[in-house]
Amino acid sequence: MQGGGFQWRLVVSTGGDTLRQERLTRDLYDTLRAADGLAVGFASEGAFAEPGHKGAGVDEVALWAATATAVARPASQVLITLIKEWCAKERHRKVEVSCGENSVKITGRPDAAQERMVHEFLDRAAGGEGRPGPEGGAP
């Protein structure tokens with residue numbers, strides 16, 4: 001992993017529409033690729049595979065994103081903010097973001113509960129083994 005950073009798995013959900021998923025995934029890829037401090041690629045490039053998995057499934061197009069620094073919180077906030085902005089362009093967009101054992105779904109129309117879940121997800125991902133609550137903060 002680059003610079004000791006974290007690696008994320010990103011899956012755009014489209015309800016089984018493979019062509020739409022591929023198109024949206026490529027669009028998200030273009031958005032993330034332009035960001036400083038992030039490396040991004042397609043999961044089929046072999047850069048990300050969870051234990052027990054050989055990579056993206058036949059019907060699943062996925063991305064991986066890696067933060068370029070060991071300071072997880074600022075880089076992860078940039079990643080999540082970019083995904084939120086990308087999803088907000090169309091209210092039906094959904095992206096599942098995973099980091100290790102933790103995952104969260106980001107939608108184009110987040111409610112307060114989803115915002116809280118995203119914040120808690122960032123705390124767990126940045127703090128390692130499940131930091132408590134949104135006020136836990138991470139270095």
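Looking at the structure I just gave you, is residue 132 over 20 Å from residue 12 (Cβ atoms), open to solvent by 40 Å² or more (accessible area, probe 1.4 Å), touching an Asp or Glu at 6+ places or on another chain (Cβ under 9 Å) and modelled with pLDDT under 90? Against the criterion (over 20 Å from residue 12 (Cβ atoms), open to solvent by 40 Å² or more (accessible area, probe 1.4 Å), touching an Asp or Glu at 6+ places or on another chain (Cβ under 9 Å) and modelled with pLDDT under 90), residue 132 qualifies. Check segment 1-14 and report whether any residue there is within 20 Å of residue 118 (Cβ to Cβ), hydroxyl-bearing (Ser, Thr, Tyr) and either at pLDDT 85 or above or in a helix (DSSP H, G or I) (or both). Looking for residues that are within 20 Å of residue 118 (Cβ to Cβ), hydroxyl-bearing (Ser, Thr, Tyr) and either at pLDDT 85 or above or in a helix (DSSP H, G or I) (or both), one finds at least one in segment 1-14, hence yes.
The values are calculated or read from the model by the stated rules, or taken from the named source; none is laboratory data. Predicted, not measured: the structure shown is a model, and the values here were computed from it. Cβ sites come from the backbone with ideal geometry, for glycine too, and all protein chains shown count toward neighbours. Each accessible area value is taken on the protein alone, full model and side chains, heavy atoms only, with ligands, DNA and RNA left out. Shrake-Rupley method; radii C 1.70, N 1.55, O 1.52, S 1.80 Å.
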